[in-house]
Amino acid sequence: MWLLWSVALGFWIALAVIPVSYRITRISSIALSAVVWFGLVALVWRQRPLRFALLGITSLSVLFLLLPGRGRPSVDALRLDYVARLQRFDGVTYHWGGETGFGIDCSGLVRRGFIEALFRRGLQRLDPGLVRRAIGLWWHDCTASALGEEHRGVTRHVLDTPSLNSLDHALVRPGDLAVTRNGVHVMAYLGEHRWIEADPGAGRVITVMAPSADNPWFKDPMKIVRWSLLQ
């Protein structure tokens, strides 16, 4: 039984380090998480303290997620969390379809940063609503184009600009997203004229100061959108 449990744990870890996330990998991650957790419960069943501890954690976690949310969070605090989470990925290797620290693409970067910010803020405030939003954003993957088109209402249009080089940065806020008009690339605003992006040309996550004469994305027409929770 311990050998089978170790194999399941190994597969779970392997899925966790694979950069690319598809619907099948997300389903597999959930299934393996359940197998690993409840397999551990079964393995320690005869040890009453461990059994009750694990079952207690399970019950409290489920109860927490079922509770109603605590209302709208502080936008400023969530925005600061988001910017901080984005900056953690600076220098991470570009990987098409990736959304982890082992490899990430442009939409994966802006989504993963917000998922982590929502989850962290939800645990800090004991707000199950934010944790559920983080899980929902993780489950419903979307592209840069979908973010620009206000996919599932998670973003809201702010303005259009001929380019980031000509953008009046007084009109944007940290955490806002810039999506190319053709929907092939997205980057996030950090404040003070700095933008962070998973750049396929550079092959990694970089921070660029606007205006930029060298970065071709800063010359493209852009749609500026904002996460609905940061409105």
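Each reported figure results from applying straightforward, stated rules to the coordinates on display, with no laboratory input. This structure is a prediction, so every number in the text was calculated from the model and none was measured. Cβ placement follows ideal geometry from the backbone for every residue including glycine, while neighbour counts extend to all protein chains displayed.
If you take all other residues with their beta carbon under 9 Å from the beta carbon of Leu164, and give Lys and Arg +1 and Asp and Glu -1, the sum is 0.
With the simple spin-label model, which puts each label point 7 Å out from Cα in the Cβ direction, the Gln87 to Leu65 separation comes to 3.2 nm. Taking Cα atoms only, the orientation of helix 48-66 departs from the longest principal axis of the chain by about 40 degrees.
The calculated Kirkwood hydrodynamic radius for region 78-231 is 15.2 Å, given to one decimal from all distinct C-alpha pairs.
To the nearest ten degrees, helix 2-17 and the longest principal axis of the Cα atoms of the chain are 10 degrees apart. Summarising the strand pairing of the chain, around 95 percent of its internal DSSP beta bridges are antiparallel. If amide hydrogens are placed 1.01 Å from N in the peptide plane, which non-local residues have theirs closer than 5 Å to the one on Ser163? Distant-sequence amide H within range of Ser163: Met222. Applying the Karplus relation 6.51 cos²θ - 1.76 cosθ + 1.60 with θ = phi - 60° to region 174-187 yields 3J(HN,Hα) values of x, x, 5, 10, 10, 10, 4, 4, 7, x, 9, 8, 9, 9 Hz, where x marks Gly and Pro.
If you plug the beta carbon distance of Ile13 and Leu171 into 1/(1 + (r/R0)^6) with R0 = 45 Å, you get a FRET efficiency near 0.50.
Overall dimensions of region 2-66, expressed as equivalent-ellipsoid semi-axes from the Cα gyration tensor (√(5λ), whole Å, largest first), are 24, 17, 7.
Ranked for footprinting exposure by Cβ neighbours inside 10 Å, fewest first, Met209, Met187, Met222, Met1 give Met1, Met209, Met222, Met187. Short-range pairs are left out: with C-alpha atoms under 8 Å and at least six residues apart, the relative contact order of region 75-230 is 28 percent. GNM on the chain, alpha-carbon springs under 10 angstrom: the most fluctuating residue among Leu123, Leu177, Leu86 is Leu123. Across region 147-158, computed HN-Hα scalar couplings (Karplus, 6.51 cos²θ - 1.76 cosθ + 1.60, θ = phi - 60°) run 5, x, 9, 6, 3, 6, x, 7, 10, 9, 5, 10 Hz from first to last residue, x flagging Gly and Pro. Amide H to amide H, with H built 1.01 Å from N, Val184 comes under 5 Å of no residue 5 or more places away or on another chain. With helices as the sole contributors, the chain gives -15000 deg cm²/dmol at 222 nm; each DSSP H run of n ≥ 4 counts as -39500 (n - 2.57), and the sum is divided by every residue. Here the residues Ile104, Ile13, ranked from fewest to most Cβ neighbours within 10 Å of their Cβ, fall in the order Ile13, Ile104.
If you fit an axis through the alpha-carbon atoms of helix 106-124 and take the longest principal axis of the Cα set of the chain, what angle between them do you get, 0 to 90°, nearest 10? Tilt relative to the chain: about 50 degrees. The GNM of the chain, with springs linking C-alpha atoms under 10 angstrom apart, assigns the highest mean-square fluctuation among Tyr189, Tyr22, Tyr94 to Tyr22.
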